[in-house]
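Just below is one structure, and these are the notes that go with it.
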Amino acid sequence: MQANFIQFSYEDVTVLPGGCSLLLNIDERIVTLLGAGGIQAQCRCSPSAFRLLFFLLQAPHGADYAELLACLRCSESVFRKLFASSSREQILATLAPQVDRWHRHLEKSALHGKSALEKELKMIRRATKERSGVNAILKKHGFALTVRAMYRKGYLLTSTPLLQ
């Protein structure tokens, strides 16, 4: 039986507000921030925003573009396997062939110029920064988390001050 939920504690993801945990529901793509008083924040994510958030929760030092594209573009069955994985190492091992393919593809795109590379990275930017992207969702619903760009490398999940 596959897990439909995964819970991250502050010990798992140190950018979470202290004493809080984050619960992800893969079937409904619902993200819930739980604190001492109960539900602190909750929202439903777009498929790409949910995948991006899940992957970044597993990447304390950020994720590079190839890793993010591999997670965003993998099949639903592969993503469910990632969701049921017990460690970042297991997730990366599952995605290794796709990550390698994306690394090669991005290197080839970079040889064709900046605009070709930017076109390939557009999916990540959309999943991060657009209206239904993970940053807009996290901010709108008060999760005290944000996704920040790591210059020419990838993205990183960070904390923001909790709104009271």
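The values are calculated or read from the model by the stated rules, or taken from the named source; none is laboratory data. As the structure is a computational prediction, the values presented were derived from the model and not from experiment. We place every Cβ from the backbone using ideal geometry, glycine too, and count neighbours over all the protein chains shown.
Only residues in the range 131-155 that are in a loop (DSSP other than H, G, I, E, B) count as the first member; pair them with residues that are crowded, with 16+ Cβ neighbours inside 10 Å and among the aromatic types (Phe, Trp, Tyr), Cβ under 7 angstrom, at least 6 apart or cross-chain, and list the lot.
none
Could you check residue 29 against (1) surrounded by 14 or more Cβ atoms within 10 Å (Cβ to Cβ); (2) more than 22 Å from residue 125 (Cα to Cα) and say which number it fails?
(2)
Just to be sure, is residue 58 among the polar types (S, T, N, Q), at pLDDT below 95 and in contact with a helix residue (DSSP H, G or I) (Cβ under 9 Å, 6 or more places away or on another chain)?
Working: among the polar types (S, T, N, Q): yes; at pLDDT below 95: yes; in contact with a helix residue (DSSP H, G or I) (Cβ under 9 Å, 6 or more places away or on another chain): yes.
Judged against the criteria, residue 58 is a match.
Going through the range 17-75 one residue at a time, which ones are of a type in the set (Ser, Thr, Tyr), over 10 Å from the mean Cα position of the chain (by Cα) and not in a loop (DSSP other than H, G, I, E, B)? Before you say what the answer is, go through the steps one by one.
Step one: of the range 17-75, the residues of a type in the set (Ser, Thr, Tyr) are 21, 32, 46, 48, 65, 75.
Imposing the further condition that a residue be over 10 Å from the mean Cα position of the chain (by Cα) reduces the set to 21, 32, 46, 65, 75.
Within the range 17-75, 21, 32, 65 meet the criteria.
Within the range 130-147, which residues are under 26 Å from residue 101 (Cβ atoms) and either modelled with pLDDT of 90 or more or in contact with a Ser or Thr (Cβ under 8 Å, 6 or more places away or on another chain) (or both)? Show your work before the answer.
Our first condition is that a residue be under 26 Å from residue 101 (Cβ atoms); within the range 130-147, this holds for 130, 133-134, 147.
Result: 133, 134, 147.
How many of the residues in the range 93-122 are within 15 Å of residue 68 (Cβ to Cβ) and outside any helix (DSSP H, G or I)?
Within the range 93-122, residues that are within 15 Å of residue 68 (Cβ to Cβ) and outside any helix (DSSP H, G or I) number 0.
Just checking, how many residues over the range 60-113 are within 20 Å of residue 47 (Cα to Cα), surrounded by 14 or more Cβ atoms within 10 Å (Cβ to Cβ) and polar (S, T, N, Q)?
Final tally of qualifying residues: 3.
Before we move on, is residue 116 hydrophobic (A, V, I, L, M, F, W, C) and in contact with a Ser or Thr (Cβ under 6 Å, 6 or more places away or on another chain)? First the steps, then the outcome.
On the way: hydrophobic (A, V, I, L, M, F, W, C): yes; in contact with a Ser or Thr (Cβ under 6 Å, 6 or more places away or on another chain): yes.
The answer is yes for residue 116.
Kindly evaluate residue 67 against the criterion of being acidic (Asp, Glu) and touching a residue at least 12 places away in the same chain (Cβ under 8 Å). So that I can check it myself, show each step before the final result.
Values: acidic (Asp, Glu): yes; touching a residue at least 12 places away in the same chain (Cβ under 8 Å): yes.
Judged against the criteria, residue 67 is a match.
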